[in-house]
1. Would you pick out the residues in the range 80-96 that are farther than 13 Å from residue 60 by Cβ and open to solvent by 70 Å² or more (accessible area, probe 1.4 Å)?
2. How many residues are within 21 Å of the chain's Cα centre (by Cα), surrounded by fewer than 23 Cβ atoms within 10 Å (Cβ to Cβ) and not in a helix (DSSP H, G or I) if we restrict to the range 394-430?
3. Cβ-Cβ below 9 Å, separation at least six or inter-chain, first residue in the range 72-96 and within 22 Å of residue 51 (Cβ to Cβ), second outside any helix (DSSP H, G or I) and aliphatic (A, V, I, L, M): which pairs?
4. Among the residues that make up the range 272-280, is at least one of them in contact (Cβ under 8 Å) with a residue 40 or more places away in the chain, under 30 Å from residue 23 (Cα atoms) and either touching a Gly at 6+ places or on another chain (Cβ under 7 Å) or of a type in the set (Ser, Thr, Tyr) (or both)?
5. Being touching a Pro at 6+ places or on another chain (Cβ under 9 Å), surrounded by 19 or more Cβ atoms within 10 Å (Cβ to Cβ) and of a type in the set (A, V, I, L, M) is the filter; apply it to the range 199-249 and report the residue that is nearest to residue 350 (Cα to Cα).
6. When only residues in the range 165-194 that are touching a Pro at 6+ places or on another chain (Cβ under 8 Å) and among the small types (Gly, Ala, Ser) count, which is most open to solvent (accessible area, probe 1.4 Å)?
7. Go through the residues of the range 138-147 one by one and say whether even a single one is touching a residue at least 40 places away in the same chain (Cβ under 8 Å) and either over 23 Å from the mean Cα position of the chain (by Cα) or over 23 Å from residue 269 (Cα atoms) (or both).
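The values are calculated or read from the model by the stated rules, or taken from the named source; none is laboratory data. Not measured: the values here are computed from a predicted model. Here Cβ is always computed from backbone atoms with ideal geometry, including for glycine, and neighbour counts include all displayed protein chains. Accessible surface is based on the protein model in full, side chains and every heavy atom, while ligands, DNA and RNA are left aside. Shrake-Rupley method; radii C 1.70, N 1.55, O 1.52, S 1.80 Å.
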Amino acid sequence: MAESAAGPVDLVILGGGSGGYAAALRAAELGLSVVLVEKDKLGGTCLHRGCIPTKALLHSAEIVDNIHESETFGVLSTFNGVDMAKVNAYKESVVGGLFKGLTGLIKARGIEVVTGEGRLVSPTAVAVGGRVVEGRHVILATGSYSRSLPGLEIDHEKVITSEDALELDRVPGSVVVLGGGVIGCEFASVWRSYGADVTIVEALPHLVPLEDESSSKLLERGFRRRGIKFKLKTRFSGVKTTDHGVTVSLEDGSTLDAELLLVAVGRGPVSEGLGYDEVGVAIERGFVLVDRDLRTNIPTISAIGDLRPGLQLAHVGFAEGIFVAEQLAGLNPVPIDYDNVPRVTYSSPEVASVGVTLAVAKERFGADAVTSVTYNLAGNGKSQILKTSGAVTVIAVKDGPVVGVHMVGDRVGELIAEAQLITNWEAYPADVAQLIHPHPTMSEALGEAHLALAGKPLHLHD
């Protein structure tokens, strides 16, 4: 048996990704004994196959764009190509450094890590290898995987997932990206910067369809300028591999030939074959169902991160892990407000948002009870210096708080932290209007939009 002579530990966590390791760190900080079970490397998808390596590629792509555009800024330069071996080495150095730091943190907090594929065997126990780890509480944090479509077989050579895309040793000449969500748009942005011919196929009416429609349209405009092609309201019907790559068939009868097909149609929960069903955990379409406190139908089991229905974001996993750990330690943490989680698509241009869209605001509060302002980045000094275009849209309840902030433009992801304070603290436009934003910065665009909503616009035409 796995438990010590003193009995079971306070907390057993199945999965060492963003949610699992955050729960482990916070629980240990609060004096709980923790065993963390992970079959691969601590850090999970985000650190090794998702957020971090993808953003490293996006930064290298930004450098390529800077070289191509350098003459605009009076700098003469020559572009000699992309060395993917060196790009991948840079990417791995970033991942490796963060992984080393994380393993050091886990060790310093006295958290026991058990390496191996864990399986839930009771409401209070996880089996891994020949060992059974007993805990007073179990957190399921087994994450997600790259989904496909029925009948669409991924061969990992010509028909690939985002994980495969991160390991490419070459710049593809042409790519069809199936799915215009965050993952699809980010890889489309990278490959276009590297010089590839890119076409996105999206079944819904807009790219990044979960964002405010105004943001989607601005991103589409930015992608058109960059030569990224996309087919909206178009469904995939099949793919055949050829000597030179793939031929993708669409339901409108058209076909697209490319070197690669990237399947980016979302991520599914990793829950099958892990004992959840046998123990009686409530599951729907593979997702583990939880209440507001992230408890499953079994009181001793919680589920966090991509495994439960809802936003699949690393920072949501962090927050959920911390929340559950604090609950178990007897604190009274505030449940997560998922509307007010910041979201960023790190393409060029970037898309960042927090709060609700204009459509949701009108539905929730009434069309006549909602007001909004869009501030174009053309009026922002720092944006003109950077030669980026886009806009900041702020949505508020009339005579009430700000309920949504939606931004498009290079580097707007760095502005979303202030925006989330505004929506989470239910600030009124006048509260933000009196704050002084440093000049010249892109943050002024956020300030200007609030000035306008407060009835005293400065650099904004009526």
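1. Going residue by residue through the range 80-96, those that are farther than 13 Å from residue 60 by Cβ are 80, 95-96.
The answer is 80, and nothing else.
2. So the count comes out to 2.
3. As it stands, the answer is 82/171; 84/168; 84/171; 88/168, since those pairs meet every condition given.
4. Scanning the range 272-280 turns up at least one residue that is in contact (Cβ under 8 Å) with a residue 40 or more places away in the chain, under 30 Å from residue 23 (Cα atoms) and either touching a Gly at 6+ places or on another chain (Cβ under 7 Å) or of a type in the set (Ser, Thr, Tyr) (or both).
5. For the range 199-249, the residue satisfying everything is 219.
6. Start the filter on the range 165-194 by keeping residues that are touching a Pro at 6+ places or on another chain (Cβ under 8 Å), which leaves 166, 180-181, 191.
Restricting the remaining residues to those that are among the small types (Gly, Ala, Ser) gives 180-181.
Details: 180: 0, 181: 24 Å².
Among them, the one singled out is 181.
7. Checked the range 138-147: at least one residue is touching a residue at least 40 places away in the same chain (Cβ under 8 Å) and either over 23 Å from the mean Cα position of the chain (by Cα) or over 23 Å from residue 269 (Cα atoms) (or both).
This table checks each residue for (1) open to solvent by 80 Å² or more (accessible area, probe 1.4 Å); (2) within 24 Å of residue 307 (Cα to Cα).
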position	(1), (2)
43	no, yes
48	no, yes
60	no, no
72	yes, no
113	no, yes
122	no, yes
126	no, yes
